[in-house]
1. Got a sec? Charge dipole of region 3-400, +1 on Cβ for Lys and Arg, -1 for Asp and Glu; which of VAL126, LEU315, THR332 is way out at the positive end?
2. Using the number of other C-beta atoms within 10 angstrom as an exposure proxy, rank THR354, THR327, THR257 with the fewest first.
3. For a footprinting-style exposure proxy, rank GLU283, GLU361, GLU36 by other Cβ within 10 Å, fewest first.
4. Please state, as a whole number in µm²/s, the translational diffusion coefficient that the Stokes-Einstein equation yields for region 125-170 at 37 °C and 0.692 mPa s, with Rh defined as the Kirkwood radius across alpha carbon pairs.
5. In which sequence would THR372, THR383 go, from the one with the fewest C-beta neighbours within 10 Å to the one with the most?
6. Please turn the phi angles of region 315-328 into ³J(HN,Hα) values with the Karplus equation 6.51 cos²θ - 1.76 cosθ + 1.60 (θ = phi - 60°), one per residue in order, whole Hz, x for glycine and proline.
7. Please report, in debye to the nearest 20, how large the charge dipole of region 3-400 is about its Cα centre when each Lys and Arg carries +1 at its beta carbon and each Asp and Glu carries -1 there.
8. From the phi angles alone, apply the Karplus equation (6.51, -1.76, 1.60; θ = phi - 60°) to region 43-58 and give each ³J(HN,Hα) in whole Hz, x where the residue is Gly or Pro.
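Just so it is clear, none of the values below were taken in a lab; they were calculated from the coordinates. Not measured: the values here are computed from a predicted model. Ideal geometry is used to build each Cβ from the backbone, glycine not excepted, and the neighbour counts take in all protein chains shown.
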Amino acid sequence: MRLLEVVTHYRSSLILILALAIGAMTGIYFPKIAREVAPIGQIFINLLFMIVVPLVCLSVTSSIASMTDLKKLGVILLAVIGVSAMMAIIPSLTIMSLASLFDPAQGVTLTLKNPITDDGGHMDFVHMLTTNDFVGLLSKSNILALVIMSIIAGIAIGQSGEHGRKVSEMLQSLNVVTMKIVSMIMLVAPIGLGCYFASTMANQDPELLTSFAHAILLFLVAALIYFIVGSTFYAALAGGRPAIANFWRNVFPSATTALGTSSSLASLPVNLRSAQKMGLKEEIADICLPLLVNVNKGGAAMTATLKVVFIYSVLGLDFTPEVFFMTLLLATLYAVIVSGVPGGAFLGEIFIVTSLGLPMEVIPMLVVIGATTDAMATVINVTHDLSATQLIEKILGKRLTFYSSKNQIPTNID
């Protein structure tokens, strides 16, 4: 692939990384200027928080509603979601295992304007997962509860026949408008995040920048290990040695496309062709792969887990057993639901920060990690869609043969 094509595919990420780098340098070497531009960054962050509730509600609900027809496809959906959840938990455990051996922050501590207190990791899961009234769902502080209720609402709409289809169409239209609002806000993302990061770095140790390199290197090592070992493991479960050989013989066109485009959707046609060459049943692959593009995001789960581990490390907070299990839950939801939201830029960062009660100052750091790990994460997402299809064919066998390959499930992905 030519250099110009690579730059085109990664243009948004490169611009963000450049803006954050300029912000970091400004904060370290020109702290006075960094403090003066802090309000610009704060306005941008506030705009994100202002749109996050309707974004989550409309995007998640409309996506689930359009995908869900439990009368016809319940077995498929359960298999897809179950396999996707497993493929989110395993890579999360992989990155946490390596992080326990190699501290991604290397002992560097982030200094905050308003220091947070470590409560020993005691989390109120009841209030994290639910609220005691409907109004509570309209607060960004209850984003996890909002996601859960949006999933339930989406399933209910999908099961409500003609009335549900009318509601789904309305939600789709509202979602398009919301995405347009998000795209307008994101036009100023490099400026807003650059200014916010500059003000954050104004009082920090310059060594904090090197900790990002350690965290990214940790991710790349973990991702490479998981790609090789995990893919082989899944193929072995699906069909032993023949399935392993079949997978590795046909996966590289999908992997290189994912690496070059950093897009699961752009890689879908190649994945469908790879599935055909692997001999996977067309009636299974043609239904499952479009679904898996939306919900099977093991690479995204690894990134989300790294973000949590890294931030807890730089904040000097204890990574308690409760935080461990909460991280697994967040990574799974992040992979299966949040990362599949169309156009939900920075939704993942807000999802993590609000769910764990972390300070807003860490958002640009999460963006740095997300932008720099996106390509390898996409490789895992795309190639393991093939692994998941192998497993689903093994699990369901002949149950899916009565579905026509023409009965595509609509997807909602950029």
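1. My answer, from the dipole projection, is THR332.
2. THR354, THR257, THR327
3. Going from least to most buried by this count: GLU36, GLU283, GLU361.
4. Estimated diffusion coefficient is 286 µm²/s.
5. With the fewest neighbours first, THR372, THR383 line up as THR372, THR383.
6. Couplings: 8, x, 8, 6, 8, 6, x, 5, 5, 4, 5, 5, 5, 4 Hz.
7. Rounded to the nearest 20 debye, it is 1060 debye.
8. Along region 43-58, the couplings run 4, 5, 4, 5, 4, 5, 5, 5, 9, 5, 5, x, 4, 5, 4, 6 Hz.
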